[in-house]
Structures are given as C-alpha cells and as structure tokens.
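Rule-based calculations on the coordinates, nothing more; no lab input. Every value quoted in this text rests on a predicted model; they were computed, and no experiment measured them. Every residue, glycine as well, gets a Cβ built from its backbone with ideal geometry; the counts of neighbours run over all protein chains shown.
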Amino acid sequence: MTATPTIGMSSEFLTCFSKLPKTQQKKVEQFVAKFRDNPESSGINFERIQQARDKRMVSVRIDKTYRGIVLKPDVGNVYLILWVDHHDKAYDWAAKHRVEIHPATGSIQLFNAEYSEQEATPVPSSVNTSEIPLFAAYKPEQLIALGVPESLLSAVTKVTNESELEALDRVLPAEAYEPLFLLAAGEPYEELLAEYNPAANETIDTEDFVGAITRAASQRNFHVVTDDLELQKMLNAPLEKWRIFLHPSQRRLVEGHAKGPQRVLGGAGTGKTVVAMHRARWLAQQLDPASNDKVLFTTFTKNLALDIEANLKKLCSKEELARIEVINIDAWIARLLKRYDYQLQVVYENDDHRRDCWDKAMALRPEELSFPDSFYEEEWRLVVQAQQLRDRPDYLKASRVGRGTRLSRVERAKVWPVFEQYRNLMAMAQLRDFQDAMHDGIKLFQKGPLTLPYKHAVVDEGQDIGSAAFQLLRTVIPEGANDLFIVGDGHQRIYRHKVVLGRCGINIRGRRSKKLKINYRTTEETKRFAMAVLQGVKVDDLDGKTDSNQDYLSLAHGEQPQVHTFSDFKTELDAIVEHIRALTNDGVAEHAICVVLRTNNKCDKYQGGLEARGISVVQLQSNRSDTSLEQSIRIATMHRVKGLEFQYLVIADASAGTVPLDFIRSNDPVEQREQDLNERALFHVAATRAMKGLMVTSVGKPSRFLLNEK
Ligand SMILES: Nc1ncnc2c1ncn2[C@@H]1O[C@H](COP(=O)(O)OP(=O)(O)OP(=O)(O)O)[C@@H](O)[C@H]1O
C-alpha cells in the first residue's frame, strides 16, 4: 500500500451531485474534502450494502439521510467515488451497477448490470430486418477487444440491425457502444481497434485500479482529484464536464506532439472548441517559463472570441491564461497592421465609403454586356481580389475556375475598367478592403523582421477563416513542432471563405486524419434532422478533399424535432408561445430557450410578437457576448447562434423565400450552388444548437430545405 491514497471521482457522481439541494451539496463537498484528505480516518463511516451486485461497493454516510457510494477495490490504496443520493436511492443504485476493469482495453467501466436476457430481446424493426447478425463477420474476441463487456457479449452478437443496436445504447457503456455504432456505419475494424483499444498489446490486470485509472479510456469517466482547489472548482460547476473528462480521442489531440500543422475535423457538437481550448492550455504549459512566448488563439467572430476567453478562465490557471492571447482573426490582423504602421483605413463590405467607391466604379460597366450588378461583385471577390490581380494583362490571362458565367477575352477587357476604377477610387480615399489589406500584410511581414511573441496558434472555426488569413498566420507563426492547430467543419461554413490549407503553405497532408466523432451536444434525432439538410451536398475538408458526414454519433437520445407549418404569422406565434410556456411550466429556464430567425429584421418582428404575448425576450447582439443575467427567452439570428447552445431551440419562419433568403440568389450557376450550400450550412448550424429539443415552424410554404427539394 502506498502512503497517499488515490481518490478517483466518476463523472456520474458529478451529475447526481448537481441535482442535490444546495444545503446538501455543501455537506457533500465537506465530506469529499475530508474523504480526500484521509479516507480511513475515524470520521468516515463505511457501511456494507447487502444487496450490492459488486461487493467492493460500500456506502459512506454524508448525514442522516444521504449516502455516497464508493468502490473500494481489493487491491491498491485507491477509492472511486461513484454516486451520491438519498439513502434508499443510493442503495438501489448500488444494487444495479457494476464497476469492472475491461480485460482487453484496461479501461474502468461503470455500467448498469441489471440487464437481463429478456430485456436483451432485440426491438423488432419494421424495415430491412435481416436475420444475419450485424456483427457476424467478427469473432467474439474481436468484439471484446473493442471494449464490449463480456457479460453483454451475447446481447451484442444477437443484434441484427441498427435499430436493435441503438436499443443497446441504454445498457452498453458508451466506450463499448461507440465503436460498435461506428463499425456498423462502415468504419474499418482495425482503425476502431487502434482508436478504442490502444492497450491491445498490454497485459491487463483486471484488479489493478491504480494502473487502470491512468488510461485515457478511463479518464473519460474518472478523474483523480489531486488538490483542494481543483475539487472546489469541480463541485462548483459539476455540469461543466468538458473541463475534466476528455474523450480519449480528444485527449490524444490535446496532448499529442505534432511535427507541424494539424487540422482537426468534427461535426457540430463534437467538442472541437473544447479540444482547441485544452490544446491552447497544454501548449501554454509547454512554453519556456523564462520566455515571453505566447499561444495565439483565434476564431472568426468577436463574440466567439469573448466566449472562448470566458471559458479559458474556467479551465486555466492565471499563469496559463497570461500566456494565451484570444482574439478574433480580423481584430488580430488589424492590430498587426497598425503595429507595422499601415496607413490605409481598413474597411468591410458594408462600409458606406467603400460602397460609394464601388457605385462610382460601376458607372464604367459596359452597357452592351448585360451582366447583372451581382456579377461584378462576385467577379471582384472571387477572381480579382482572390488572385490579387493588379492589371489588365493579368486579368486577361487569369484562371476563372469556379465561375459559371463564361467571359471571352474581349468581354474581360470590357469589364476590367470597373475593377481598376474601384481600386483607384479606394486608393484616393485612403481606404483598403480587408481582403486586400491582408495581402498587404503578408507582403509586409514576409519582409520581416518580425518580433512577435507567438510560438503556436490555435484556430477555431477554421472553415470560415479564408485563405488570406491563413497565409498571414503561416507567415507570422514560425514553422516548427506544434505550430498550428486548426479545428473546423466544412458543414458549418456560413461565411464565404473557402480555404485549401495546402495552398496557404500549411501542409497537413500525409498525417493520419484527425476527426472527432462523438457529438456531446445534440440528440441523435436532432443530429439526423440537421444532417438531412446537407444530404447529397459535397463538403470539403478545408484542404481540397471531401469530408464525410456519416461518421459521427450523438451520445444522447430524445424526441424527434417537431416541424409545423401555419397559415399565418399570428397562429405561428401563438404556437411558439404555447411551446415556450409548456417548457417553462416544466421547469426549463427561460434563458435556456432560444428562438432563431434568418435575419435581424425578423428577430425584431418576432421579438415584438412574443413580447405582445407577455413573453420577455432578450435579443443577442452581434459582436457582443450574452452577458445578460435576465431570465428571459433569447432571440437571435442564425449567424449569431454559431458556437452557442441552448436546451431548447425554435427555428421560426423557416418558410419559402426566407430560408434560404431569396434575394441573395446569384445569376451565376456556380455561385448560386455555393450560396445554396452556405444557406444549408446556416440552417444546419442553427438546428445543431439544440441540446434537448428542436421545433421548426414556417408560415405558408415551408422552406425547400424542409421539403427535401433542391
Ligand atoms: N469531453 C467532454 N465532456 C463533456 N462535455 C463535452 C466534452 N467535449 C465537449 N463537450 C460538450 O459538448 C458541447 C459541444 O462542444 P463544443 O462547442 O466544443 O463542440 P464543437 O465541435 O466546437 O461544436 P460546433 O462546431 O457545433 O460549434 C459543449 O456543451 C461541450 O461542453
């Protein structure tokens, strides 16, 4: 026996702790601190549990009515705190559960052992029921090697289709269900084995809990508490499990050394931001304490950066925090330019002065060519600006791949004066488009010498950060180990900034693909609904190849999303109000419900309607964090809810003409396809913000996204 005991806390313990009354939580907190200090002190009252399935489970007395359930293994100075509840309920829990070290993966598994063969009878499926077992191609030992508990093997081998497998979700530990689900979805067995059983060549001692708790697979459910401050932090925010319990696939990314840039993909809710934040912290820990080196953490919008900063405060120590600089990409670039004495005023697309220059330049468009105004804007953005074309000869020979409107050489020569004039007018007004300013920056910084503190950069929302920004990052962050860590998801690209990392000097090829596959946020039902909007759409992997959307799985199940169509605005709003009232009457907090709309104008309109019906509403503003303490329903645009999440979400007015917005249609077929994809992605983003329930409403004809029309 070692002198200091190892005290592990289960993730389930934090869940039941969070449900206790506040006064009771205080007592449990005091108890856990005392237990951690010395579990064998005379003040700790252990009681045997007659009906416990696992005789190593004992109860500990918190007070007259509450009990904790602790596992005291036969070997090693280790205790696992598993559960806390009212006396009878805690004993009942102990009667149903088991804790085992899995003989193949070596992970500590906690699961409901009540499952009987009768319950195991697979749920009949109405479609395509095949009598051939789903995993017939695999030997029992192969399934066990993936993490299936031996006691549940027979149930797994009987499964004949996916819905029967889903019925087993309730009884299998998540670390066993996940690889089975992914195997059934077509993932190669060997890859899953490597992912879920990195201990394949180890000899596993199924009694050695001290060794087992150090395995990444155990750490998704158990955490060794090492100091009082950490314990306090955990108990103060017991539901913020992302801070402590990382999935093994997340942990590998967070703590893995990389020779160069890394790109991590993952569908909505798979914990990309969580991984990016842990990675930034880990990188900060690796910095030389004597240096002034920093980790840059950047994302697309200001409000996302603010949210990340707030969450990093929960994760990091003061010292770690001081080494991480969080800033949205545009602000960071603007600041760099300022530092280099950049004289021009950088402006965005909707700037009035810029608009003025554009409108004046458009006076030069050739009357004989009947291109619509949108053609010139697209041509400017997608060809001239994207390739940084400076003069007519360059434009005449430039590639126009990706543009659907054909242009002869003569036509090119005729449209060029518009762009030339625009550049001249902007230069005279001392203005610069942000895109152009970034290219100026790249040239400036390439000349160097740079004395910037950044050793590593972590990039969130990589799918929306365009080529020029990535080129700039590559110029500023020195090449080397762990230099760039980029997370993103092409299915969520809602701004028009496509990137091929390889073309920005960021070489991620040749490394094992890194993808997060477990969705922690939305239910499987909502995830499938949100994915259906992207059915058949080709989505890129940020590096010019196609990304799949079939390979991720939600841990939670719930109701099917509700989809309703109404004849008019008034009846739609009445139904939304009824839905909100039903939720709040059920105890759902107002701020955990969000109504989402396609545009700001619609937000105003629906806010007015809800308020007129007595519902208090807070509208989320762009570029500002939601810091309101008001217990009110949230209302926001689809763009604004990016990166956020709510227990319940209503997507209102998902009607034809509004979703997608009909006035942004391009005349160019290629551009039209891209815009359609963006709008689908936007709807997908909105739908995947719902944690528990989603309602989608429309007035008149529903959006074609809901009707499965192209
Ligand atoms: N290891 C974990 N344990 C518990 N919760 C987790 C874990 N990882 C992520 N989560 C939770 O899952 C949700 C989604 O995480 P996160 O926002 O990082 O995902 P994301 O992939 O960045 O999502 P999106 O791309 O949709 O914005 C959050 O509520 C987060 O706290």
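Specify the angular offset, from 0 to 90 degrees and rounded to the nearest 10, of the alpha carbon long axis of helix 22-37 from the longest principal axis of the alpha carbons in the chain. Computed tilt is about 70 degrees.
Listed cross-link partners LYS34/LYS313; LYS455/LYS538; LYS27/LYS96 are compared with a 30 Å cut-off, the Cα-Cα value being larger for LYS455/LYS538.
In a DSSP loop and with at most 15 other Cβ atoms within 10 Å, the trypsin sites (Lys or Arg not before Pro) in region 560-661 are ARG613, ARG624. Taking the charge dipole of the chain about its Cα centre, with +1 at Lys and Arg Cβ atoms and -1 at Asp and Glu Cβ atoms, the residue from GLN621, ALA95, ILE506 reaching farthest to the positive side is ILE506. Relative to one another, the C-alpha centroids of region 625-665 and region 198-274 are positioned 33 Å apart. Site pair ARG381 and ALA95 shows an inter-label distance of 6.5 nm when each label is modelled 7 Å from Cα along Cα→Cβ. If the viscosity is 1.567 mPa s and the temperature 4 °C, what Stokes-Einstein diffusion coefficient in µm²/s follows for region 257-368 when Rh is the Kirkwood radius over Cα pairs? Reported coefficient: 75 µm²/s.
Here the gap between GLN550 and GLU479, fully extended at 0.36 nm per residue and compared with their Cα-Cα distance, gives a gain of 22.2 nm. Over the chain, all Cα pairs binned in 10 Å intervals from 0 give whole-percent P(r) values of 3, 13, 21, 24, 21, 11, 5, 2, 1, 0, listed from short to long.
If you take the Cα centroid of region 45-93 and the Cα centroid of region 401-452, the two points sit 69 Å apart.
The residue list GLN550, VAL458, GLN562 was ranked by how far each Cα lies along the charge dipole of region 442-596 toward its positive end, using unit charges on Cβ atoms, and VAL458 comes out on top. Region 152-180 and region 520-555 have their alpha-carbon centroids 22 Å apart.
From its DSSP helices (H runs of at least four residues, each -39,500 (n - 2.57)), the chain gives a residue-normalised ellipticity at 222 nm of -11000 deg cm²/dmol. Can you work out the FRET efficiency for the pair ALA532 and LEU452, with r the C-beta to C-beta distance and R0 = 45 Å, to the nearest 0.05? The formula returns an efficiency of 0.50 here.
Relative to the current alpha-carbon distance between ASP586 and ALA290, full extension at 0.36 nm per residue lengthens the span by 101.1 nm. Relative to the longest principal axis of the Cα atoms of the chain, the long axis of helix 467-476 lies at roughly 70 degrees. For region 304-399, the list of chymotrypsin sites (Phe, Trp or Tyr not before Pro) that fall in a loop by DSSP and count at most 11 other C-beta atoms within 10 angstrom reads TYR348. A P(r) calculated from all alpha carbon pairs of region 345-429, with 5 Å bins opening at zero, reads 3, 14, 27, 28, 17, 9, 2, 0 percent. The GluC sites (Glu not before Pro) of region 362-455 that DSSP puts in a loop, and whose beta carbon has at most 16 other beta carbons within 10 Å, are GLU367, GLU368.
In degrees from 0 to 90, rounded to the nearest 10, what is the angle of the helix 409-428 Cα long axis to the longest principal axis of the chain? For helix 409-428, the angle is close to 80 degrees.
Given an 8 Å cut-off on Cα distances and at least 6 residues of separation, report the relative contact order of the chain as a percent. Contact order relative to length: 12 percent. Bridging of LYS545 to lysines at a Cα separation below 21 Å is possible for LYS272, LYS498, LYS514, LYS515, LYS517, once same-chain residues fewer than 8 apart are set aside. Working from label points 7 Å from Cα in the Cα-to-Cβ sense, the ASP540 to THR15 distance is 4.0 nm.
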